[in-house]
Structure formats: structure tokens, C-alpha cells
Amino acid sequence: MIRRAIYPGSFDPVTNGHLDVIDRARKLFDEVIVAVAYNDQKHPLFSLQERLGLLKGALGTIRNVEIAPLDGLLVDFAVARKATAVIRGLRAISDFEFEFQMALMNRKLEATVETIFLMPKEEYTYLSSRIVKEIARLGGDVTDFVPSRVAKALAKKLGMTKPE
Ligand code: ADP
């Protein structure tokens, strides 16, 4: 039996924290599907296609990692793809309440899918896509936090959206 896990998120954009979690997950599972949510209600900075493209660029061709768009219920996607686990990253206690609720709700919806939490390297525990976007928007240097092509994409995107 192939052990397959789904790592869902917005990845708006992918950060070194996400990559750290992916690297840990792919050592535990035969296959990891990084599932990128549309998440229109979150008003993402990057379109779904851009987020998928940035992840592909960051990951290259890692043997057991696939990138896919995620629409609809996560547990339905997991069952359709024959995945038995959902991976989520835990950075701080502040992540816990929401993640705990989601994990138990997903278990209620689909008992065969287990949620597994992975902690990143300490230096990534304060890192989030939101804070990276905030720093980039204010003209700060984000090269320590995201892959170089993501830093370039942020500069381009925010440069284009600067007010006249
Ligand atoms: P979502 O909108 O689902 O929160 P994100 O892209 O922000 O999507 O995050 C996807 C997952 O990655 C979540 O489980 C989140 O906790 C985790 N994550 C985000 N940033 C980090 C980080 N720096 N270290 C570890 N996990 C992280």
C-alpha cells in the first residue's frame, strides 16, 4: 500500500516554512500532494495559477511530491486521491486552536483521514505568507524567507500594484 498524504494550504506565496514542512512530510510518506486552495474569500495576492507555478519552481522535480489545485472539501479530495493523511504545519500555540478544530471536523467528516502536524525548523516558526507579503509591501528584504523566484515575483507584483 502506498502511503499518501495531502498538504493543503493557500501558499500565497510559498515560503521556506512551507518547503521545510514538505521536506519533512516527504520523508514520512511515499507520496505527498501539495494541494493549493483557490481561497477566493481570502483575496489572495497571487492567482491560483501563479501560486501553483511558484510552488513548481521552488520544488523542481522532487520524486515523490506532486502539486495540484484543490477545490471543494479537503476530505473529499483526500478520499479521491486515496490519501490517508492530511499534513498541517504548527508554528506556535496561536495556530493550535484553529488547527485542532479543523482536524477534528475533518475527522468527523471522514474518519479514514488522519491529520498530522509537523513543526518546522525553529527559524521558520515566525514565518507566514502574510508577514512576508507585509514586509515586501513595505519595501523590506524577504530573500531569507522565500525562494529567490518568489522574492522576484513579489517585487514584480507589488511594483505593478503601487499607487501612481
Ligand atoms: P492556510 O490558508 O491553509 O493557512 P497557508 O499557506 O498559510 O494556508 O498554510 C498552509 C499550512 O502550512 C498550514 O498548516 C500552516 O500552518 C503551515 N505553515 C505556514 N507557514 C509555515 C511555517 N513557517 N512553518 C510551518 N508551517 C507553516
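Name the residue, out of Ala35, Ala5, that is over 21 Å from Leu127 (Cβ atoms), more than 9 Å from the ligand (Cβ to nearest atom) and part of a strand (DSSP E or B).
Going through Ala35, Ala5 in turn, the sole match is Ala5.
Suppose the filter is within 14 Å of the ligand (Cβ to nearest atom) and either open to solvent by 50 Å² or more (accessible area, probe 1.4 Å) or touching a residue at least 12 places away in the same chain (Cβ under 8 Å) (or both); does Asp30 pass it?
No.
Looking at (1) out of contact with any helix residue (DSSP H, G or I) (no Cβ under 8 Å at 6 or more places or on another chain); (2) within 23 Å of Asp23 (Cα to Cα), which is the only condition Gly140 fails?
(2)
Being more than 10 Å from the ligand (Cβ to nearest atom), in contact with a helix residue (DSSP H, G or I) (Cβ under 7 Å, 6 or more places away or on another chain) and either in a loop (DSSP other than H, G, I, E, B) or not aliphatic (A, V, I, L, M) (or both) is the filter here, so list the residues in the range 143-153 that pass it.
Restricting attention to the range 143-153, the residues satisfying the condition of being more than 10 Å from the ligand (Cβ to nearest atom) are 143-144, 146-153.
Filter again for in contact with a helix residue (DSSP H, G or I) (Cβ under 7 Å, 6 or more places away or on another chain), leaving 143, 146-147, 149-150, 153.
Answer for the range 143-153, where residues must be more than 10 Å from the ligand (Cβ to nearest atom), in contact with a helix residue (DSSP H, G or I) (Cβ under 7 Å, 6 or more places away or on another chain) and either in a loop (DSSP other than H, G, I, E, B) or not aliphatic (A, V, I, L, M) (or both): Thr143, Val146, Pro147, Arg149.
Which of the residues belonging to the range 1-23 are buried (at least 18 other Cβ atoms within 10 Å of the Cβ) and among the basic types (Lys, Arg)?
Matches in the range 1-23: Arg4 only.
Residues in the range 39-54 that are over 24 Å from Ala151 (Cβ atoms) and either surrounded by 15 or more Cβ atoms within 10 Å (Cβ to Cβ) or touching a residue at least 24 places away in the same chain (Cβ under 8 Å) (or both): how many?
0
Which of (1) modelled with pLDDT of 95 or more; (2) away from the ligand (no atom under 15 Å from the Cβ); (3) loosely packed, with under 15 Cβ neighbours inside 10 Å is the odd one out, the single condition Pro69 does not satisfy?
Exception for Pro69: condition (2).
Looking only at the range 86-109, count how many residues are within 12 Å of the ligand (Cβ to nearest atom), β-branched (Val, Ile, Thr) and in a helix (DSSP H, G or I).
0
Condition first: under 17 Å from Ser94 (Cβ atoms) and either in a loop (DSSP other than H, G, I, E, B) or open to solvent by 50 Å² or more (accessible area, probe 1.4 Å) (or both). Now tell me which residues in the range 110-129 satisfy that.
From the range 110-129, those under 17 Å from Ser94 (Cβ atoms) are 117-120, 122, 124-129; that's our starting set.
Phe117, Met119, Pro120, Glu122, Thr125, Tyr126, Leu127, Ser128, listed by residue number.
The values are calculated or read from the model by the stated rules, or taken from the named source; none is laboratory data. Predicted model only: the values in this text are computed from it and were never measured. Cβ sites come from the backbone with ideal geometry, for glycine too, and all protein chains shown count toward neighbours. These accessible areas exclude ligands, DNA and RNA; they are computed on the full protein's heavy atoms, side chains included. Shrake-Rupley method; radii C 1.70, N 1.55, O 1.52, S 1.80 Å.
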